[in-house]
Amino acid sequence: MPVKQLFQNRQSDFRKNEVEVTVCYITRSIDGNLILNGLPEWVWQHDSLLPDRYTLCGLSVMVLSPQQLLEEKEVYEQIGRTPRLKDIESKKYFAN
């Protein structure tokens, strides 16, 4: 799936059988905060990554915590982004 210009080099989006997956490129700022690659103003919670690693197509990956995903959806709404259907569904799922 094409990624908006703002997020190129920060994430890749994939879709298979109507399931969407976003792979974000996470790094640490000079201060040690978790940030999206090249976007230091978007600081993530220190515990935003789950402790376990998973294998995706032979790559070792970490997964965002449900709390971080929920916070992301809420921040999007606070800055005026219209929620997508998948955001609304995710919020219902993560809030429980």
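The values are calculated or read from the model by the stated rules, or taken from the named source; none is laboratory data. What you are looking at is a predicted structure, and each value in this text was computed from that prediction instead of being measured. No Cβ is skipped: glycine too gets one built from the backbone with ideal geometry, and neighbour counts run over all protein chains shown.
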Under 15 Å from the mean Cα position of the chain (by Cα), under 22 Å from Ile26 (Cβ atoms) and not charged (D, E, K, R) - does that describe any residue in segment 78-87? no
Is it true that Tyr76 is among the hydroxyl-bearing types (Ser, Thr, Tyr), in contact with a helix residue (DSSP H, G or I) (Cβ under 9 Å, 6 or more places away or on another chain) and either at pLDDT 80 or above or at negative phi (or both)? yes
Taking segment 60-73, which residues are in contact with an Asp or Glu (Cβ under 8 Å, 6 or more places away or on another chain) and at pLDDT below 85? Lys73
